Amino acid sequence: MRNSHPGQPGADDTVQTMGMQYRRRSWAEPYKIKMVEPIRMTTRAQREKALAEAGYNTFLLRSDDVYIDLLTDSGTSAMSDWQWAGMMLGDEAYAGSKNFYHLEEVVRKHYTHKHVIPTHQGRGAEHLLSQIMIQAGDVVPGNMYFTTTRFHQEHAGAKFIDVIIDEAHDPSVIHPFKGNVDLAKLERVLEAHRGRVPYVCLAATVNMAGGQPVSMACARAVKELCGKYRVPVMSDATRAVENAWFIKQREEGYADTPVADILREFMSYTDGATMSGKKDPLVNIGGWLSVNDDAIAEKARNLVVVFEGLHTYGGMAGRDMEAMARGIVESVQDAHIRARIGQVEYLGELLQTWGVPIVQPVGGHAVYLDARRFYPGMAQTRFPAQTLAAELYLDAGVRAMERGIVSAGRNTETGDHFYPKLELVRLTIPRRVYTQAHIDVVAESVQAVFANPQRPAGLEMVYEPECLRFFQARFERL
Ligand SMILES: *Cc1c(COP(=O)(O)O)cnc(C)c1O
């Protein structure tokens with residue numbers, strides 16, 4: 001690999017990172033490869049054709065036409081041999097599968113909540129929680145929205161109110177805990193809507209802010225404030241292990257604490273969680289809703305039967321629950337999470353070194369490109385981030401995702417687009433899937449697109465679905 005990369009040795013065997021000189025000490029992934037999956041290389045002409053057929057929406061590409069797939073880290077993780085071995089121990093009984101009890105035990109241990117209701121994936125849990133806790137006319141404060149989370153809250157009749165700190169909306173501001181809740185904003189909402197706040201949604205890390213963490217001090221303070229108003233704190237715990245790693249790195253007093261212990265303390269400040277097993281827990285499908293409250297748990301067990309499956313499988317096969325239980329155990333190990341986030345940081349450092357505009361600081365699961373600075377002057381209604389994702393695919397077959405005006409959707413009251421401040425393209429790193437060489441190819445492609453003097457004019461939306469439009473919208477080139 002090249003010597004110019006950060007983390008690589010210079011002539012005198014030292015490395016220059018963030019202005020400091022280190023003697024080179026590389027680290028590598030805490031696993032080796034036992035089975036490989038070939039990927040297809042394509043020509044630019046093939047990619048032009050594939051992208052046009054996909055309506056310039058990377059979600060609509062066939063994965064066969066993709067070289068390096070950074071669309072999402074959702075359900076794309078590589079399982080370990082121990083997880084695969086667990087799949088052979090699936091107990092496919094309709095009721096009371098032993099794999100459910102294993103999963104329940106592991107979730108209780110690491111995420112602290114008393115009741116565990118399995119669901120087919122995270123949005124299944126969001127659906128249950130929203131239907132149980134929200135009445136029409138309620139408001140749900142949260143530290144920035146996530147697409148499916150907000151959808152389910154609004155679908156149940158609530159209005160989402162963003163209470164994240166202002167820094168989260170500025171991609172150039174450096175802040176160690178950019179996912180933090182602004183306590184003053186939260187208190188204003190709790191005060192103004194007394195009796196109409198069914199719960200506060202605390203996401204960690206905050207996906208839509210760029211995978212930015214929440215500090216332990218903030219979680220503690222949110223819990224205390226909500227306690228005063230008798231409002232429960234429900235966590236979107238999908239990426240809470242990544243969050244715990246950042247607390248270990250950045251928050252005073254946690255440097256020597258194992259990530260598993262940090263996670264437990266963090267979750268102890270919450271009353272429940274919705275969880276996507278497709279993220280931190282290292283499986284391809286699965287999720288759960290966990291709560292401490294007995295009455296909410298009972299309602300969830302009643303509802304899960306209708307929408308997901310019996311309360312001891314919730315839409316998952318026994319083998320899938322076993323893989324997830326084992327995935328959780330692996331996910332909270334320091335060596336794993338260090339390598340996972342280390343790979344994301346490596347990509348971020350390369351791009352930063354080359355002057356490519358990215359969201360700072362680099363978050364837990366992805367590097368976010370600031371599309372506004374790739375295409376200054378392009379109107380937001382020409383979809384700069386969607387355009388950039390298309391250009392990236394054309395350059396080298398790297399698939400990324402838009403996180404801007406298309407993802408933000410429309411205001412149901414006015415019918416107009418939401419105009420988010422952030423117009424981003426997300427390069428999401430799947431867990432344990434790609435090597436450092438793949439990451440180098442990605443960085444070089446992004447740099448080439450950034451440096452390309454031929455600027456695209458943008459896109460026009462020619463088909464727009466009603467819900468979560470970013471998944472299936474189609475575009476044409478301007
Ligand atoms: C993925 C995700 C969800 C939804 O989970 P699914 O398993 O995709 O349904 C919710 N919140 C966050 C932060 C996520 O990343």
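In the range 43-50 there is at least one residue that is assigned to a loop (DSSP other than H, G, I, E, B), within 30 Å of residue 476 (Cβ to Cβ) and open to solvent by 50 Å² or more (accessible area, probe 1.4 Å).
To keep it simple, each residue is scored yes or no on (1) more than 16 Å from the ligand (Cβ to nearest atom); (2) at pLDDT 95 or above; (3) in contact with a Pro (Cβ under 9 Å, 6 or more places away or on another chain).
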{"residue": "62", "(1), (2), (3)": "yes, yes, no"}
{"residue": "117", "(1), (2), (3)": "no, yes, no"}
{"residue": "135", "(1), (2), (3)": "yes, yes, yes"}
{"residue": "145", "(1), (2), (3)": "no, no, no"}
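Being over 20 Å from the mean Cα position of the chain (by Cα), buried (at least 22 other Cβ atoms within 10 Å of the Cβ) and charged (D, E, K, R) is the requirement here; does residue 322 meet it?
Numbers: over 20 Å from the mean Cα position of the chain (by Cα): yes; buried (at least 22 other Cβ atoms within 10 Å of the Cβ): yes; charged (D, E, K, R): yes.
Yes: the conditions hold for residue 322.
Here is a check on your reading of the model: is residue 353 closer than 26 Å to residue 147 by Cα and open to solvent by 30 Å² or more (accessible area, probe 1.4 Å)? Let's see the steps before the verdict.
Numbers: closer than 26 Å to residue 147 by Cα: no; open to solvent by 30 Å² or more (accessible area, probe 1.4 Å): yes.
For residue 353, the condition - closer than 26 Å to residue 147 by Cα and open to solvent by 30 Å² or more (accessible area, probe 1.4 Å) - is not met.
The set of residues in the range 264-278 being closer than 13 Å to residue 201 by Cβ and either of a type in the set (S, T, N, Q) or not assigned by TED's automatic domain parsing to the domain that holds residue 114 (or both) consists of 270, 274. The set of residues in the range 300-318 that are away from the ligand (no atom under 14 Å from the Cβ) and either out of contact with any Lys or Arg (no Cβ under 8 Å at 6 or more places or on another chain) or of a type in the set (A, V, I, L, M, F, W, C) (or both) comprises 300, 301, 302, 303, 304, 305, 306, 309, 310, 312, 313, 317.
A quick yes/no check of all residues on (1) surrounded by 19 or more Cβ atoms within 10 Å (Cβ to Cβ); (2) part of a helix (DSSP H, G or I):
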| position | (1), (2) |
| --- | --- |
| 335 | no, yes |
| 344 | yes, yes |
| 348 | yes, yes |
| 362 | yes, no |
| 389 | yes, yes |
| 392 | yes, yes |
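Among the numbered conditions (1) of a type in the set (Gly, Ala, Ser); (2) open to solvent by 10 Å² or more (accessible area, probe 1.4 Å); (3) under 13 Å from residue 226 (Cβ atoms), the only one that residue 142 does not meet is (2). Among the residues of the range 398-442, the ones that are among the charged types (D, E, K, R), part of a loop (DSSP other than H, G, I, E, B) and open to solvent by 10 Å² or more (accessible area, probe 1.4 Å) come to 4 in all.
Somewhere in the range 29-40, is a residue assigned to a helix (DSSP H, G or I), open to solvent by 70 Å² or more (accessible area, probe 1.4 Å) and out of contact with any helix residue (DSSP H, G or I) (no Cβ under 8 Å at 6 or more places or on another chain)? Give the derivation first.
First, pick out the residues of the range 29-40 that are assigned to a helix (DSSP H, G or I): none.
For the range 29-40, residues assigned to a helix (DSSP H, G or I), open to solvent by 70 Å² or more (accessible area, probe 1.4 Å) and out of contact with any helix residue (DSSP H, G or I) (no Cβ under 8 Å at 6 or more places or on another chain): absent.
Evaluate the following for residue 97: is it under 26 Å from residue 146 (Cα atoms) and either within 16 Å of the ligand (Cβ to nearest atom) or out of contact with any Cys (no Cβ under 8 Å at 6 or more places or on another chain) (or both)? The answer is no for residue 97.
Let me confirm something: among 110, 127, which residue is open to solvent by 10 Å² or more (accessible area, probe 1.4 Å), in the same structural domain as residue 233 (by TED's automatic domain parsing) and either away from the ligand (no atom under 16 Å from the Cβ) or not in a helix (DSSP H, G or I) (or both)? Spell out the reasoning first.
Details: 127 fails: either away from the ligand (no atom under 16 Å from the Cβ) or not in a helix (DSSP H, G or I) (or both).
Residue meeting the stated conditions: 110.
Kindly provide the set of residues from the range 201-226 that are touching a residue at least 40 places away in the same chain (Cβ under 8 Å), more than 10 Å from the ligand (Cβ to nearest atom) and polar (S, T, N, Q), ordered by number. Of everything in the range 201-226, just one residue is touching a residue at least 40 places away in the same chain (Cβ under 8 Å), more than 10 Å from the ligand (Cβ to nearest atom) and polar (S, T, N, Q), namely 212. Can you tell me which residues in the range 106-130 are touching a residue at least 40 places away in the same chain (Cβ under 8 Å) and either more than 28 Å from residue 211 (Cβ to Cβ) or among the small types (Gly, Ala, Ser) (or both)? Those that are touching a residue at least 40 places away in the same chain (Cβ under 8 Å) and either more than 28 Å from residue 211 (Cβ to Cβ) or among the small types (Gly, Ala, Ser) (or both): 114, 115, 122, 124, 125. The requirement of being away from the ligand (no atom under 12 Å from the Cβ), modelled with pLDDT of 95 or more, under 26 Å from residue 127 (Cα atoms) and of a type in the set (Phe, Trp, Tyr) is fulfilled nowhere in the range 168-182; no residue meets it. Consider the range 84-107. How many of its residues are surrounded by 22 or more Cβ atoms within 10 Å (Cβ to Cβ), of a type outside the set (Ser, Thr, Tyr) and in contact with a helix residue (DSSP H, G or I) (Cβ under 6 Å, 6 or more places away or on another chain)? So the count comes out to 4. In the range 52-63, the residues that are basic (Lys, Arg) reach residues that are assigned to a loop (DSSP other than H, G, I, E, B) with C-beta atoms within less than 9 angstrom, at least six apart or across chains, in these pairs: 62/54.
The set of residues in the range 264-299 that are away from the ligand (no atom under 16 Å from the Cβ) and open to solvent by less than 30 Å² (accessible area, probe 1.4 Å) comprises 291, 296, 297. When you look at residue 74, is it among the polar types (S, T, N, Q), under 24 Å from residue 266 (Cα atoms) and either without any contact (Cβ under 8 Å) to a residue 24 or more places away in the chain or in a loop (DSSP other than H, G, I, E, B) (or both), yes or no? Yes.
The values are calculated or read from the model by the stated rules, or taken from the named source; none is laboratory data. Just so it is clear, the model here is predicted, and its values are computed rather than measured. When we count neighbours, we look across all protein chains shown, and the Cβ atoms used for this are built from the backbone with ideal geometry, even at glycine. Surface areas here come from the heavy atoms of the whole protein model, side chains and all, with no ligands, DNA or RNA. Shrake-Rupley method; radii C 1.70, N 1.55, O 1.52, S 1.80 Å.
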